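A quick write-up on the structure given underneath.
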Ligand SMILES: *Cc1c(COP(=O)(O)O)cnc(C)c1O
């Protein structure tokens, strides 16, 4: 790869392939694999990533919202797509684009049935979500009869899967809670399956569920963050490869004397002579303002350079006093070696937030 000439997000599809293989190595042969590609495939790129994952043969995709699924269909993706958090407003377009909704409450289930009937659907595939402890979306266990009653009365929809979501699959101190969620899900699945008279797919695990709870793999697993190279645990991080590298360059170097200030509101004051580099990347590109004033850092020629002063919309300034570098040199914000996870720690964030923040202004470049 030639050195960066501007700010880019370099995405290594070989690493994506490697991560899929690693996660699949944790599954039984017949466990289906759902790839979560919401939020531009966790800030990387929706279409290229989905196309590549489709080529690798994943069984399912999931997105959060209808529009994300529509973008995939428009790009020619034919694999089934589960929409995790659809809103009734989008039900018609969802059906028009062959997207499969997660139905998580009586209100939403009834609304979907009405639209499906309106559009003369028969056995339209839907996924019923149950709340087993996250308390975010989903029917309660006590509502299984209600669900069955609504389902019983029509053939417009057919239940393709029953699913739930773990609240603390990466927190090993919460093992008892998680095992309880798994048992609750089993009990719900048993009741609903009996009532339906046919067997839908069952799924409950996200990446950390896959890695920590084989007993929660059921018929399918839903992996997001693992695909992109993070395992929410140093042990698993060491097996996975971050697929994205955020790179920029040095636009200009300045020398500050004692008493000079740097950036907006003069937030940084030089107490000794220093050298700074100005980089063409700012909060509009995904570098949170929280990283300003010494908290965040980048890497230049292998050395760590702290972000000084306030993060601007389009730029940051970093301390290069002790770094041998010149204008035009490449800068690494995060990547496989200096990970988004390490960077996230400096502002009490997590890898998920740092990688999904890279804005659409940043050009995506693919390594195949
Ligand atoms: C985002 C999401 C996932 C993926 O979680 P990871 O921790 O990224 O693997 C799985 N299931 C649901 C319901 C989600 O919202």
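Contact order for the range 31-228, expressed relative to its length and based on alpha carbon pairs under 8 Å spaced 6+ residues apart, stands at 19 percent.
Spin-label pair residue 342-residue 174: with each label point 7 Å from Cα along the Cα-Cβ axis, the two points sit 2.8 nm from one another. From the alpha carbon centroid of the range 219-255 to that of the range 14-41 is 15 Å.
Only helical runs count toward this figure. For the chain, summing -39,500 (n - 2.57) over DSSP H runs of n ≥ 4 and dividing by all residues gives -8500 deg cm²/dmol at 222 nm. Under the criterion of Cα pairs below 8 Å and six or more residues apart, the relative contact order for the chain equals 19 percent. Between residue 275 and residue 75, residue separation times 0.36 nm minus the direct Cα-Cα distance comes to 67.3 nm. Largest mean-square fluctuation among 120, 24, 275, in a Gaussian network model of the chain whose springs join Cα atoms under 10 Å apart, belongs to 120. The gain in end-to-end length when the residue 18 to residue 87 segment is fully stretched comes to 21.4 nm, 0.36 nm per residue minus the alpha carbon separation. Rounded to the nearest 0.05, the FRET efficiency derived from the C-beta distance between residue 107 and residue 193 at R0 = 35 Å is 0.90.
Projected over every direction and averaged, the convex hull enclosing the alpha-carbon atoms of the range 216-304 yields 8.8 nm². Across the range 244-367, C-alpha contacts under 8 Å between residues 6 or more apart give a mean separation that, scaled by the residue count, equals a relative contact order of 29 percent.
Answer rounded, prolate or oblate for the range 31-228, using the Cα gyration tensor with square roots of eigenvalues a ≥ b ≥ c: rounded when a/c is under 1.5, else prolate when a/b is larger than b/c, else oblate. Because a/c hits 1.5 or more and a/b fails to exceed b/c, the range 31-228 counts as oblate. Reported to the nearest whole Å, the Cα centre-to-centre distance from the range 61-80 to the range 271-319 is 36.
In terms of the mean number of neighbouring beta-carbon atoms within 10 Å, the peptides 202-208, 110-116 order highest first as 202-208, 110-116. Under a Gaussian network description of the chain, with springs only between Cα atoms under 10 Å, the residue in 97, 165, 127 that fluctuates furthest is 97. Roughly what angle does helix 175-196 make with the longest principal axis of the chain, taking Cα atoms, 0 to 90 degrees, to the nearest 10? The answer is roughly 40 degrees. Going by a ≥ b ≥ c, the root eigenvalues of the Cα gyration tensor, does the chain fall in the rounded group (a/c under 1.5), the prolate group (a/b larger than b/c) or the oblate group? Verdict is prolate for the chain. Take 68-78, 219-229, 252-262 and order them by the average number of nearby Cβ atoms within 10 Å per residue, most first; the result is 219-229, 68-78, 252-262. Relative to the current alpha-carbon distance between residue 145 and residue 363, full extension at 0.36 nm per residue lengthens the span by 73.5 nm. For the listed peptides 170-180, 37-47, 83-93, 148-158, a ranking on the average number of other beta carbons within 10 Å per residue, highest first, reads 37-47, 83-93, 148-158, 170-180. Does the range 244-367 come out rounded, prolate or oblate by the C-alpha gyration tensor, with a ≥ b ≥ c the root eigenvalues, rounded set by a/c under 1.5 and, if not, prolate when a/b is larger than b/c and oblate if not? Because a/c hits 1.5 or more and a/b exceeds b/c, the range 244-367 counts as prolate.
Quick note: the coordinates plus some simple rules give every number you see, no bench work behind them. Because the structure is a prediction, the values reported are computed rather than measured. Cβ: placed from backbone, ideal geometry, glycine included. Neighbour counts: every protein chain shown.
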